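Below is one structure, written out as structure tokens; comments come after it.
The values are calculated or read from the model by the stated rules, or taken from the named source; none is laboratory data. Keep in mind that this is a model prediction, so the values were computed, not measured. Cβ atoms come from the backbone with ideal geometry, glycine included; neighbour counts cover every protein chain shown. Ligands, DNA and RNA are excluded from the accessible area calculation, which covers all protein heavy atoms including side chains. Shrake-Rupley method; radii C 1.70, N 1.55, O 1.52, S 1.80 Å.
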Amino acid sequence: MESVKFEKMKKIYLLFALVLSVASLSAQEVSARAKAMRMMTYSKPEYMVKDIKVLADTMIVYSLADYVIYPIGKWENVEQYITNTQLQWYRESGYKRYFDSMTVSVNTLRRLDDSYLDMYRSITTGRVEMISGKITDPEVVLDNGVRVGMSKEEVFRIIFKRFPKSYIADINVLKVISGAGEVGQIYTFRGNKLRHIGIVSKYKYY
């Protein structure tokens, strides 16, 4: 009899724990959604932010701004960008394979700390388009003014007019993605400092 009672109590306890767990997850989801919706109202008009998602320690901002598609600016050729930066770049040229069957001519610019930018000149747009990149050198500045070493607040102020500091306190990764999801930057923070900028692209290069 005692064992039957114990089993019933155990089942009730497990059910109660499950209900609490679901309620907790639901509250967190609502909190993240509310935070994202409020951050939308703080976004700068020039960034044309269409959606924001908050997933754990990551905030994803979907933007229609040219800053996202052309993070280093709009250039007709690689030489223009090199001259404009007034930095010492180590340039590599070659062919890389993408999407299994696509082979394109790629220019890779490197810095001494192994920061790099992979790019190509599109025959469609007549501009330098980004393929990928990794930036840890604070001398390399994106077209929107972001550079490694900036504080988290400084980076967020590039995109948002204002925001509650509590909203970004737990954010360690900020992803700024183009409207179609083809190009984006990934800002990674350690503590309160921007330590790494990643550039990603899903374009089919031709």
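Name the one entry in 139, 129 that is in a strand (DSSP E or B) and over 30 Å from residue 37 (Cβ atoms). Don't jump to the end; show me each part of the working.
Numbers: 139 fails: in a strand (DSSP E or B).
Sole residue among the options that is in a strand (DSSP E or B) and over 30 Å from residue 37 (Cβ atoms): 129.
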Looking at this structure, is residue 103 open to solvent by less than 20 Å² (accessible area, probe 1.4 Å), over 19 Å from residue 154 (Cα atoms), free of Cβ contacts under 8 Å to residues at least 24 places away in the same chain and of a type in the set (Val, Ile, Thr)?
-> no
From the list 60, 131, which residue is under 17 Å from the mean Cα position of the chain (by Cα), more than 30 Å from residue 41 (Cα to Cα), among the aliphatic types (A, V, I, L, M) and open to solvent by less than 40 Å² (accessible area, probe 1.4 Å)?
-> 131
Could you count how many residues in segment 153-187 are closer than 22 Å to residue 69 by Cα, out of contact with any helix residue (DSSP H, G or I) (no Cβ under 7 Å at 6 or more places or on another chain) and loosely packed, with under 15 Cβ neighbours inside 10 Å?
-> 3
Residue in segment 147-162 that is within 18 Å of residue 54 (Cα to Cα) and either of a type in the set (Ser, Thr, Tyr) or touching a Ser or Thr at 6+ places or on another chain (Cβ under 8 Å) (or both) present = yes
Enumeration of residues in segment 43-53 that are touching a helix residue (DSSP H, G or I) at 6+ places or on another chain (Cβ under 9 Å) and without any contact (Cβ under 8 Å) to a residue 24 or more places away in the chain = 46, 51, 52, 53
Search result, residues across segment 131-152 that are farther than 16 Å from residue 69 by Cα and β-branched (Val, Ile, Thr) | 135, 136, 140, 148
